[in-house]
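The values are calculated or read from the model by the stated rules, or taken from the named source; none is laboratory data. This structure is a prediction, so every number in the text was calculated from the model and none was measured. Neighbour counts run over all protein chains shown; Cβ positions are idealised from the backbone, glycine included. Heads up: the accessible areas ignore ligands, DNA and RNA and are worked out on the full protein's heavy atoms, side chains in. Shrake-Rupley method; radii C 1.70, N 1.55, O 1.52, S 1.80 Å.
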Amino acid sequence: MVVSVFAGVAFQSAPADEFQPLCDGSQAGTVTWSCWSPVEAADHGGCHVYGNVSHYYHAPPITWSGACRNGRAEGDGVLEDKKGNRAEGHLVAGLKDGQWTVTFASGDVLTESHVGGVVHGPWTLDRSDGRFYAVTYEDGRMQGPWERRDDDGYSEVGTVTDGRFDGIFTITWPNGVEALVPYEEGVVQGEMTVTRNGLPLGTLLYWKGRHVEGVLAPMLAFPDDP
């Protein structure tokens, strides 16, 4: 038997000569489930679901409500773990495929799309603390429009390129302050203009993520960016 670690929990998987880990050779930093390892469903003896070692939503042991074919979970069903996390969707040969809805024990709700186990398509996260995130994945990497919106009116809207913030992000605070934040490959770089209710407050110059020039009038205390 092979011992794998998921979310800090060690457990025994299928014999290596029966179910080899699936590795797609993807680039680091992508959510492509680059090395899947087989997890035996607790309620289906000999039925396996592939889960990723570095990014895994469920804490083994898990259960699968759907069918099983050739030793792998198949078709529509629900994955649940002992911590109260629940995921509903479609599996093909043990891999997530199509749209999934994940309801965490914390109350957070995640919707995601997969193609053969790789995140591909729209992705949203509606957190119980009032934050909402939306982004699109292409072949496991964040790509395209990105947004975060909080219940209190705080928001961040911009674009992600190859998994990194890129271009101008518009950040808005509930008090009417708005900042146009320039990003280059995930780092704040260039001139950031700041207004309040449409009136200019100043321009800040950033170099490789560091504030190097400029002040706001009046001086403002910005909340930490989570």
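Exposure check, 1.4 Å probe, all protein chains in place: Thr193 carries approximately 50 Å² of accessible surface. At the residue level, His90 shows approximately 60 square angstrom of accessible surface with a 1.4 angstrom probe and all protein chains present. A straight line joining the Cα centroids of region 146-204 and region 57-111 runs 36 Å.
In whole Å and largest first, what semi-axes does the C-alpha gyration tensor of region 165-208 yield when each eigenvalue is scaled by 5 and square-rooted? Show your work: numbers first, answer last.
Values: eigenvalues 78, 25, 8 Å².
Each semi-axis is √(5λ); the values are 20, 11, 6 Å.
What does the charge add up to near Val102, with Lys and Arg as +1, Asp and Glu as -1, over the other residues with Cβ less than 14 Å from its Cβ?
Numbers: positive: Lys83, Arg86, Lys96, Arg127; negative: Glu80, Asp81, Glu88, Asp108, Glu112, Asp126.
In short, -2.
Which percent of the accessible heavy-atom area of region 59-108 goes to carbon and sulfur, probe 1.4 angstrom? Mind dumping the intermediate values first?
On the way: 1100 of 2330 Å².
The nonpolar share, carbon plus sulfur, comes to 47 percent.
For Glu184, the accessible surface of its heavy atoms amounts to roughly 110 Å² (probe 1.4 Å, protein chains only, rounded to the nearest 10).
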